[in-house]
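What follows is one structure encoded as structure tokens, with my remarks underneath.
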Amino acid sequence: MFNHFSASVSRPSGTSLTQLSSVQFPTLFASASNCYNQSIYRYKKRHLPGDRWTIPIIGKFADSMKPTMEGYMKQWNSGALSALSVFNIFIVMASTTEYSRKILNSPGHAEPCLVYSAKQILLPENWVFLTGKEHVAYRRGLNHLFTHKALGLYFNIMDSVTRKHIKKWLAEAVVRDLNMDTSLRVFCGNHLPDEAPREICDKYWDITVALELVNFPLALPGTKVYRAIQARKVALAWLELAAHRSKEAMAQGKEPSCMLDEWVTLLNDPGYKGRREFSDREMAMVLFSFLFASQDAMSSGVIYGFQHLADNPDILAKIREEQSRVRLGQHDKPMTLEDLDQMPYLKAVVKESLRVKPPVTMVPYLAKKAFPISDDYTVPAGSMVIPSFYNSLHDPKVFPDPDTLLPERWLDPENPANKNPQNYLVFGSGPHKCVGIEYATMNIALALGLASELAEWKHVLTPRSEKVQIIATIFPQDGCLLKFTPRQYA
Ligand code: HEM
């Protein structure tokens, strides 16, 4: 998902040679170079659908800054594989499940390709930039942070943070704050002082907005990337402090109470076979990579979850029915993972909500070498090759009535949705598949489950509620205006 800011790769929609006819190229060199670029584009594109000509730099830059869902759909629907060029980067888009999975599962040919600014923000030495065997080994170690036991601990923290925020939402709802606060408390527990989540949350937006496909290359003061780097410095300093305090607390024999504690305890376990030494900074960088990978996708998932439930009161009513059955009206009692295990309907709603509005619609990969993706087309080495998830998740053969929220489709083992797990690409596939799947789904389920128990909310509909805005991940264009009131129990 580090790559899903790629969402800002847009088809240069609406660009055509006629629009460009008024462009006067100042020198002969410019026109010779344009001619060369056109030929290269045509040569690489071969028979794939896509614009017949690439367009000069400014046009592409402008378009890639304003991606639209309609632009993407046009590109995806133009062919199973299609071509485009943004800023003279040749791009092959895959729109079918088969090709998308092939890209994600061909580490020998393609690897995730991050927007330029990601390395500046996350630091080049961050584990997420590893590939191949080194990546597999590092990731294997991190998987221990997401065991069932560890998730149970995180769930308790999520419950108390979510309750605090639902209370606040009764005054003013800001979902991004809930995600940040939950993540930081799950990752660092009380090793972070109270002012830290506030400060990190305030600055984090600078990171979100810097993750564009194309950014000013130098991180000079005043640029978005410069501001994002300052925000990263603040976040890393707090996370390093938390790592340090966690090591001290575990050395004093305290009970693990957050992800850092789980990690330190694991590293001290005599039976543990992986690498044992991690500096405070390395631990902080891993946590920051989780924050980075999850913040925008989680906000998108939670916001659409709330919007979907407000717009489908019958589904909300069924969630409430299930809540009362499992929790017996004990609203103040923390929800547990065991409670969640008895809520198949709530889990189906989360799965379905993420299918209808997948936070990450595509992830860009880079062809490391010539990649024979189909019988009649080889992606040229050095091209971007982008698996898209939207069409797989809206394939009417697998998900009849694909745009409608139908949680029931996940409750019937014979339903084509359950028979075709290869289509469920919300979290990607292959060696870089999301590490936070369980974490993310249980967190969204908890937020929706608790909110339906404790609050009523109304969706203030606007003409832009159904339109999609792409800021790294997808959001309702009007930001989703919800009005919360305390729930009155009969
Ligand atoms: C609804 C929420 C989320 C969605 C939709 C999502 C989706 C994704 C996707 C599509 C990828 C790329 C997969 C690929 O290239 O095949 C990814 C990677 C990743 N995600 Fe998530 N994610 C979510 C939440 C989280 C959370 C909560 C965490 C951490 C706590 C997380 C950590 C990561 C990491 C570390 C990677 C990179 C893995 C690697 O390169 O090995 N994600 N995610």
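For the reader, a short list of remarks on this structure follows.
- In segment 390-406, the count of residues that are in a helix (DSSP H, G or I), surrounded by fewer than 19 Cβ atoms within 10 Å (Cβ to Cβ), away from the ligand (no atom under 16 Å from the Cβ) and at pLDDT 95 or above is zero.
- Condition check for residue 93: of a type outside the set (Gly, Ala, Ser), more than 16 Å from the ligand (Cβ to nearest atom), under 24 Å from residue 433 (Cα atoms) and in contact (Cβ under 8 Å) with a residue 12 or more places away in the chain: no
- Test: residue in segment 101-122 that is farther than 15 Å from residue 365 by Cβ, in contact (Cβ under 8 Å) with a residue 60 or more places away in the chain, of a type in the set (D, E, K, R) and not in a strand (DSSP E or B): no
- For segment 124-136, taking the residues that are touching a residue at least 12 places away in the same chain (Cβ under 8 Å) and surrounded by fewer than 16 Cβ atoms within 10 Å (Cβ to Cβ), the one that is farthest from the ligand (Cβ to nearest atom) is identified as 125.
- Residue in segment 137-185 that is surrounded by the most Cβ atoms within 10 Å (Cβ to Cβ), counting only those that are within 12 Å of the ligand (Cβ to nearest atom) and of a type in the set (D, E, K, R): 139
- Inside segment 351-389, residues that are β-branched (Val, Ile, Thr), within 16 Å of the ligand (Cβ to nearest atom) and surrounded by fewer than 21 Cβ atoms within 10 Å (Cβ to Cβ) make up a count of 1.
- Residues within segment 413-443 that are buried (at least 18 other Cβ atoms within 10 Å of the Cβ), within 7 Å of the ligand (Cβ to nearest atom), assigned to a loop (DSSP other than H, G, I, E, B) and not hydrophobic (A, V, I, L, M, F, W, C), tallied: 3
- Of all residues in segment 256-282, those satisfying the criterion of being buried (at least 17 other Cβ atoms within 10 Å of the Cβ) and assigned to a loop (DSSP other than H, G, I, E, B) are 256, 257, 258, 278.
- Each residue in segment 444-463 was checked for being surrounded by fewer than 18 Cβ atoms within 10 Å (Cβ to Cβ) and among the β-branched types (Val, Ile, Thr), and 2 pass.
- Within segment 37-53, the set of residues being in a helix (DSSP H, G or I) and either at pLDDT below 80 or not assigned by TED's automatic domain parsing to the domain that holds residue 78 (or both) comprises just one member, 37.
The values are calculated or read from the model by the stated rules, or taken from the named source; none is laboratory data. These numbers were taken from a predicted model, which means no experiment stands behind them. Heads up, the Cβs are rebuilt from the backbone with ideal geometry, glycines too, and the neighbour counts pull from every protein chain shown.
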